[in-house]
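The values are calculated or read from the model by the stated rules, or taken from the named source; none is laboratory data. The structure displayed is predicted, hence computed values, not measured ones. As a convention, Cβ positions derive from the backbone with ideal geometry for all residues, glycine included, and neighbour counts pool all protein chains shown. Heavy atoms of the whole protein, side chains included, go into the accessibility calculation; ligands, DNA and RNA do not. Shrake-Rupley method; radii C 1.70, N 1.55, O 1.52, S 1.80 Å.
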Amino acid sequence: MIAVKSKFQNLISLGIALIAGLSLALVFASMSKAQASDAANFELKQHCPPSFEKNAKGHCMLRTMYEFYNSVQNRGVGGTQTSLPDHRDGFTPAQIDLGRYLFFDPLLSKDGSLSCASCHQPDKGFSDDMDRSVGVTGEKVPRSAPTLWNVAFLDRFFWDGRADTLEEQAVGPLFDPKEMGNNPQQLLASLRGNDSYPSMFKQAFPETEQIEIEQVATALAAFQTSLISLNSRYDQYAHGFHDALSENEIKGMNIFRSFVARCAECHQPPLFTNNQIAVIGTPEPEGMPFDPGAEVPFNDKRMRGGFKVPTLRNIAKTAPYMHSGGMKSLREAAGFYTKGRGHAVPEGEELIIHWHIWEPNLTDEELDRIVDFLHALTDESLTPQIPSVLPSGLPAVDAKYAASLQNNKVLSGDKPMPSVSNNKKLGASSINNQQQEHTEEVSGDIYE
Amino acid sequence: MSKGKVILSAVLIAAAFAGGTYYGGKNSAPVITSSAGGASFTGGYDKSKDIQAQAGTTEVVDLKATGNVIVVNEGELIMDAVKAAQPGDTIQIMPGTYHETVYVDKESISLVGVIKEGERATLDGKGVLNDAILYSGNNFVVENLKITQYKGNGIMGQAGNNFVIRNNVIVDTGIYGIFPQLGKNGVVEHNVISGIEDAAIYVGMSDNIQVAYNDVFESVAGIEIENSRHAIVENNYVHNNTGGILAFITPGLPIKTTYDVIIRNNFVVDNNHENFAIPGSMVAMIPPGSGIVVWAGDDVIIEGNIITNNKTAGILISDHISFGNATGDPDSEPYPDRTMILDNLMMDNGYDTIDEVKALMLTEFKQGKPDIVKVGGGIDSCIINRHRYVTVGVDDWKECDFTNTDNIDTYLLDSPVPPRDIDPSERGKIAYLGICTGCHTYSGTMIGPPVQTIQALYMDNPEGLAEWIANPTKKRDDFPEMPPQNYLDEETRLAVAKYMLSAKN
C-alpha cells in the first residue's frame, strides 16, 4: 500500500506538470517508460477475478446466483428466475490478466494510438460515447462500439453477427485498417520485442515457445469473459427481493415485458438479449448509406438490415444507441418502437421487418417508465482494474484518455471515498463503478 | 397478407411432379387400413429419459398443503394480495370487476376466481391496460377468471414451469388470449377464448404441454404450438377462426425446434374468419379457411379430428420457403419432417381454396376440394387411408406403420419439474462468489474490507453475520456503507455467512 500511495502522488505531481504546459504525449511517454522499467516484472495474477471460482485444474469458472434456476432447453432465456445460457469460461487467472494488459495497451494498434479500451471504455459501459467510433485513421467507422458486458454468454459477435467466437472477433478490429490498423507481422514483432510481454505470455501459455496471434486472441477472449454484470437491482428483484425496484421501475418492467411494448420478446431476461438477428429498420444518420447488416455475412436477402439484438445490461451507460448511434438517449431509442412499423425504412428498401415491431401506441408516461426500468439494469461492480503501468510504457487506454483522467485528478484533487447511493429505501447496491475508482490506487494483484 | 398468399413457386410445382410413387397407377386399389385396434405410435419422446420427469404425483402443480387463503373482494386490489402472498398461498378473487395488471414473480401462487351463480371475478382492462396476468414463477395456477378489454395478452407467462391455466373466459382481449412462454410442464384446459388478434391459445418455446377441452373461436389463430416440444392438443372445439390449429417453427427465435406434437380428437370446423391480424405478424400469412397448419414443425401427428368446412384446406403442410414471409435464420430448419396423418373425419374442406393451391393441384392432375395440401420439402411423412381425401403433395408419402396414439396418454411429466437441487454448501459458495466477491477479497482491500477482517469479527458467529448482511449499518469511515443483502432468503444468508467465514483464500 505504501508504494502505491507514492505512485499515486507521482501521478498528481505529473498532473501539475501537465498544467505547466508540457507536451502531453511526451510527458506520458516518459512517465510510462520510467514506471515500466521500475516495474520490470509484470507478475500476472494467480487468483481468478471476482465471481469466478478456481477449480482443481487452475481454471476460473463463473459462479452466479442464476445457477439456482432452470431454463427451457437450457437456452438461458425466460423470465425472472431463469438459468443463464452456455458461456465461455475456464481460462487461467494468468490468461485473463494478460488479456487485461493487452486490452488496455495501445501497443496493439498500428501506431500506438489506440487500445481495445479506446472504443470499449470501462467507465462508458465498455463502449464509447460516440455515435460511431473513431479508428486509427481519425475517421469514424461505419458502426458504433457494442458493449462488452456479458459477452461470455454470446455466440455471435459484431453488429452483423459475422463472428462465432470471441477469438475470431478479437482479431477483427486489430487488423481492420479503419479500426486499429495493425497487421499480424507488426503486432507479433512489437510483442516479441517488448521487454515484458514474452515472459508474461510464458506465464499465461507455459506450453508455447513464442508469442503467436492465437494467444493474443485467447488472452483477449479470456479477459472479456470476466466482464460479468449480473448484480443489478433488477437481479435482486429477480432473486426475490421485490423492494429492490421502485414503484416506477416495476411499472416500467411490466410495460417492458408486456405484449404491447414487447421489449422482452427479444431483449429476453436474464441477459436482456436473445442473441438473435432482428430487422427493425432503424434509420442511418444523415448522409450515410443504408447498412445491409447481416445480409452480407449470411448472404441472405431476408436478413437485409438485420443486426444482433444487443443486451440491455448497463444500457444506461452506453448512449448513443443503435448500430450507427443515431439515437442520443434511451428515451429516443425506446420511442423508436412506437412510431410505427417500418417508419424509418428508406424509400425503395424492401425489408422483412421483425414481427414484433408494430404500433404499440405507448404513451409518453409509459416510455418514461421503460427508461426508468432500464436504469435498474446497471451493475458495474465487477469492472476490472485499468493497469496503472503497461508493458509497452504507453498510457493505458490511450493518450487522450490518460489526459482526461489526469485533468480530472488535478481538478478534483485526491478523491474522497465513494459514497453509497442516498436512496436507502431501495436497499440496493448502487456501487456502480466504485471498484474502479477505489482500486485505481491499488497496484499489483489486489486478489493476492 | 399479400406476400403471405404467395404459397408456391415454380420450383415447387416442378418438385410436385416428381412425387406420385404411392398409387403406382390411377386405377390400382387403395390400401385400406383399419384404425380399430392395430399398432399404436411408439416413437417420439421417451419420458423415462427426461431427468426432470420422475415418478410421483400426477399433479402438474404440487402446491404445498400449508398455504394460506387470501380473499380479495371487489374494490380491493388483487395485486395487494399477490404482494402479501407467500409461496403456496391461494388468492381467491370474489365476483366483481377489477381493473389492474396482476404480475406474479413468486413461486407457487394460485389465483382462483370465485364463481357465484355464474358471476365471475372479471379483470377489465378498459382498453387502456396492457396485460391482465403476467407470471414468471414456477407452480402457477390461474383459474375461473373472466378477462376482457386488455391491449396485450389475457394471461402471459415468461418462464415458470408447472402451470395450470384453466376455466377462464377470455374475450376481446388483445393479441394472445393465453400465452405461456418458455415454461415446462403446463396445462391449458377448459378455457373459452374469442376475438383475439393473433392466437387465442399460443404455446411458445415450451416443453411438455397439454392443451385440452378449450373452446376457441373468432380469433385469427385458434391454437398455436410454436417452437415447442412434447405437446398434445386434444378435445378442443376450434371454430370460425382464420386458421384452426397451428404447429409452427417460427424462425428468429432463440429456441429453434417444434417436434412431438399430437393434434387429436379436436373439432376443427368452419375456420373461415377473415384474417384481421396485425400487419407483419406471423399469422397474417394464414389464408382464411385453414383447418390445421403445419409450418416446418416436425413429428406432428394428426389423428381423430373432425375437420369440416374449412374453405382453403383441412390440413396444410408447408416449409418456410414455399409459404409465408419467414425472416432469415440460418439456425432454423425450414422443412416439416415426419408429418403423420392418421384417420380423421374430413368433409367439405377446400371448397373455396386459394389460387396457389389450385395451381398445385393441376400439377398432379387433381380436381375437387382439397382436404390435405402439402407443399415444399420435408421427409419421412406418412398417412393412412389417403384414398378417402382429396390430397395434393402427399402421393409419395408412405403408409404409417401404426394407426393410433393410444399408447400416449399425455406428455405432461409424471411429477412437477423440481427446483434445481443445490447443496446447501454450494448455495453459500455461489452466493459468495456471485455477489460478495464483487466488493470483498480475501486479504486485499476493494470496496469493502478484506474477508480476513470479517472472519476475525464473526469467526464463531455466522448467525450474527447473516443477520448483519440483511440490515447492515455503517461501520467504517473509510469504506462505503454496504447495501442490504436482504434479497437473499434466510437460508441463503446463513449459508453465505458460513461460507465466507470458512473461506481460506
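Annotations for the structure displayed:
- Projecting label points 7 angstrom from Cα along Cα→Cβ for residue A:361 and residue A:329 puts them 2.5 nm apart.
- Nearest-0.05 FRET efficiency for residue B:422 and residue B:99, computed from C-beta distance (R0 35 Å): 0.30
- Taking chymotrypsin sites (Phe, Trp or Tyr not before Pro) across segment A:221-306, the ones in a DSSP loop with at most 16 further Cβ atoms lying within 10 angstrom of their Cβ are A:290.
- Calculated P(r) of segment B:144-193 - Cα pairs past 12 Å, %: 58
- Cβ distances below 4.7 Å define possible disulfide partners, and in chain B the cysteines left without one are B:436, B:439.
- Charge dipole of the protein assembly as shown (Cα centre as origin; +1 on each Lys and Arg Cβ, -1 on each Asp and Glu Cβ, all else neutral): 1340 debye, rounded to the nearest 20.
- Cα-projected label distance for residue B:409 with residue B:190, points at 7 Å along beta-carbon direction, nm: 1.9
- At 1.002 mPa s and 20 °C, Stokes D of the protein assembly as shown from Kirkwood alpha-carbon radius, µm² per second: 71
- Only protein heavy atoms count here; under a 1.4 Å probe, residue B:457 has an accessible surface of about 100 Å².
- When each of A:308/B:184; B:429/B:504; A:178/A:339 is checked by Cα-Cα distance, pairs over 24 Å: A:308/B:184; A:178/A:339
- Over 16 Å [Cα-Cα, segment B:156-243], rounded percent: 43
- Calculated on alpha-carbon atoms, Rg and Dmax of segment A:75-156 in Å: 15.5, 47
- Global size of segment B:395-505: 24.5, 83 Å for Rg and Dmax (C-alpha atoms, Rg to one decimal, Dmax whole).
- Nonpolar atom fraction for the protein assembly as shown, defined as the carbon and sulfur part of the 1.4 Å probe accessible area, stands at 52 percent.
- Dividing the radius of gyration of the alpha carbons in chain B by their Kirkwood radius gives 1.08 for Rg/Rh.
- Zero-based 5 Å bins, Cα pair distances in segment B:108-168, whole percents: 5, 18, 27, 24, 18, 8, 1
- The mean number of Cβ atoms from other chains found within 10 Å of a Cβ in peptide A:373-384 is 1, as a whole number.
- The A-B contact accounts for roughly 6300 square angstrom of buried accessible surface, both chains included, probe 1.4 angstrom.
- Residue B:164 long-range amide H proximity, modeled H, under 5 Å: B:140, B:141, B:142, B:187
- For residues of B:441-453, the mean tally of beta carbons on other chains within 10 Å: 4
- Multiplying the residue separation of residue A:404 and residue A:185 by 0.36 nm and subtracting their alpha-carbon distance yields 75.6 nm.
- Centroid-to-centroid separation of segment A:42-99 and segment A:139-203 [C-alpha atoms, Å]: 21
- One chain, two ends: residue B:32 and residue B:331. Fully extended at 0.36 nm per residue, the span grows by 103.7 nm beyond their Cα-Cα distance.
- Within the protein assembly as shown, antiparallel bridges make up roughly 10 percent of the DSSP beta bridges whose residues both belong there.
- Distance between the modelled labels on residue A:290 and residue B:457, one decimal in nanometres: 6.2 nm (7 Å Cα→Cβ projection).
- Accessible area expressed per residue, the protein assembly as shown, with surrounding protein chains retained (probe 1.4 Å, Å²): 38
- Segment B:392-451 and segment B:215-261 have Cα centres lying 25 Å from one another.
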